[in-house]
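Q: The structure is given below, and queries will be raised subsequently.
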Amino acid sequence: MNPYLSIGLTLLFTVYGQIILKYRLNQLQIKFPDQLTDKIVFTLKLIFDPLILSGFVAAFVASLFWIITMTKMEITKAYPFMSLAPALVFLVGVYVLNEQFTWGKLIGLLFIIFGTIITVKL
């Protein structure tokens, strides 16, 4: 497998996992309980929720693609691409979760992208 494809799939599954978790938690409109026994029951219920479970599976699959990447590329070349995850989460968060767009976030996103390009190319 091409290492850039495995990096792309790592990012895709990482971003999906984060977005689906936030999406589902927003849907459920729940708060983490204070009591230990309530926390355990709450966590078990969440783990078996199909959308939340898909987020955990996505994180696992992302890890598998990251392992593939590590076998094909130096970590110092591959890891800067992972900094694109927050940029992708920002874009998807604005469009899918209706989160607030700000120019500061956009400028930060551009710095991340340019930083990644500079780190990988130089």
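Q: Just the residues that are within 18 Å of V89 (Cα to Cα) and either in contact (Cβ under 8 Å) with a residue 40 or more places away in the chain or not β-branched (V, I, T) (or both), please, taken from the range 37-56.
A: L51, S54, G55, F56
Q: Quick check: anything in the range 100-117 in contact with a Leu (Cβ under 8 Å, 6 or more places away or on another chain), in contact (Cβ under 8 Å) with a residue 24 or more places away in the chain, closer than 16 Å to L9 by Cβ and surrounded by 15 or more Cβ atoms within 10 Å (Cβ to Cβ)?
A: No; the residues of the range 100-117 include none that is in contact with a Leu (Cβ under 8 Å, 6 or more places away or on another chain), in contact (Cβ under 8 Å) with a residue 24 or more places away in the chain, closer than 16 Å to L9 by Cβ and surrounded by 15 or more Cβ atoms within 10 Å (Cβ to Cβ).
Q: Would a scan of the range 66-82 turn up a residue that is in contact with a Gly (Cβ under 9 Å, 6 or more places away or on another chain) and surrounded by 11 or more Cβ atoms within 10 Å (Cβ to Cβ)?
A: There is at least one residue in the range 66-82 that is in contact with a Gly (Cβ under 9 Å, 6 or more places away or on another chain) and surrounded by 11 or more Cβ atoms within 10 Å (Cβ to Cβ).
Q: Additional query: Could you say which residue among F60, F42 is over 20 Å from F114 (Cα atoms), at pLDDT below 90, surrounded by fewer than 19 Cβ atoms within 10 Å (Cβ to Cβ) and of a type outside the set (S, T, Y)?
A: F42
The values are calculated or read from the model by the stated rules, or taken from the named source; none is laboratory data. Being a predicted model, the structure only gives us computed values, none of them experimental. Cβ sites come from the backbone with ideal geometry, for glycine too, and all protein chains shown count toward neighbours.
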